[in-house]
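Throughout, read-outs are computed from the coordinates displayed, never taken from laboratory work. Remember, it's a predicted structure, so these values are computed and weren't measured experimentally. Note: ideal-geometry Cβ built from the backbone for every residue, glycine included; neighbour counts use all protein chains shown.
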Amino acid sequence: MPDDPAKGTHAGMRRAAEFARRFSCAMKCDIRRYFPSIDHEILLDRIGRVIADPGVLWLARTILSTHRDSTRRVYGESLFDCRESGCGLPIGKLTSQFFANIHLDGFDHFVKQTLRVKGYVRNVDDFLLFGLDRPTVRAWGEAAREYLQQMRLEIHPNKYRLCHSKQGVDFCGFVVRSDGRIRIRREVLAA
């Protein structure tokens, strides 16, 4: 089955280029250690919201139990409410890519429906928020950070920056500019 041309790295780059032409500011964000940080409890809850078949849920739990990189302590509301939750997905497995996209589906809806961001593009753990003014885009970035913290995820502090579209926005190994120019990032060419 051929890949969907509306998805993937090049589609993300084209969408980012389109938004760079329409919006003057962009917030570039990257989730720190995304695959190792995916909390199985949160992921299974997300899967359970859209899949009701107990057999499919059992299969998802079984796959996740074999992918456990580590555990983390999760604290509830009371002093004695503490439990272990599995974390992590191996990079490169097809199930990991599928689960990673399901995991951030709620985040996508939050950005598009609650924040009402018109210029939003995401590729796995990298995403861009485009807007017309810096204060609005900065506020969206903070709201995104808070939402992801509730999912026990963290935006990488060195990969969280507000920039002007005319100076170029880095996404998916490309730099897109508001004048329509697109170039491959130097680090990608050197690799």
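Brief remarks follow.
- Residues of type lysines that residue 93 reaches as a straight line, Cα spacing below 23 Å, ignoring anything fewer than 8 places off in the same chain: 7
- Listed by chain and number, the lysines whose alpha-carbon sits under 16 Å from that of residue 159, ignoring those within fewer than 8 places in the same chain, are 28.
- Longest to shortest principal axis, alpha-carbon extents of segment 108-191, angstrom: 37, 28, 20
- Potential extension, residue 18-residue 56 segment - 0.36 nm per residue separation minus Cα distance: 9.9 nm
- For the pair residue 33 and residue 146, the difference between a 0.36 nm per residue extended length and the Cα-Cα distance amounts to 39.0 nm.
- Sorting the segments 10-21, 121-132, 146-157 by their residues' average number of neighbouring beta-carbon atoms within 10 angstrom, most packed first, yields 121-132, 10-21, 146-157.
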